[in-house]
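Readers should treat all values here as calculations from the given coordinates under stated rules, not as data from a laboratory. Keep in mind that what you see is a predicted model, and the values were worked out from it rather than measured. When we count neighbours, we look across all protein chains shown, and the Cβ atoms used for this are built from the backbone with ideal geometry, even at glycine.
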Amino acid sequence: MPFVLLWLCWQTLASAPSPGRPHPAPAKPRVTGRPAPRVYLCRGSRSYAYHASPRCEALAWCTTALRPATVAAAQREGRFPCGRCWPPR
């Protein structure tokens with residue numbers, strides 16, 4: 001039993017920073033900025049808009065699957081903002 005107490009005291013002292021040794025700096029989280037806003041695109045060949053929500057009423061006519069994208073990616077594809085759900089509220 002005395003050996004266990006001696007070992008625990010030694011571990012506590014060994015892990016504490018000494019006056020001559022600085023504390024290790026905590027790891028900083030990576031900051032990548034604000035995430036790009038998500039928009040939704042209908043995959044149909046005649047679709048031309050991007051939508052703020054997958055529940056936009058204009059998407060009722062979409063017969064294909066929806067896919068998420070960023071505003072910049074949608075604009076690069078030549079898409080325009082939806083007149084019903086854009087700007088998002």
**Prompt:** Under a 5 Å amide H to amide H cut-off, with H placed in plane at 1.01 Å, what residues pair with residue 50 once short-range neighbours are removed?
**Reply:** 80, 82
**Prompt:** Once phi is turned into θ = phi - 60°, what whole-Hz ³J(HN,Hα) does the Karplus curve with 6.51, -1.76 and 1.60 give for every residue of region 62-75, x standing for Gly and Pro?
**Reply:** 6, 9, 10, 6, 8, 9, x, 7, 9, 4, 4, 5, 5, 5
**Asked** For the residues 61, 86, what sequence is obtained by ranking on other C-beta atoms within 10 Å, fewest first?
**Response** 61, 86
**Asked** Can you sort 64, 70 so the residue with the fewest Cβ neighbours within 10 Å comes first?
**Response** 64, 70
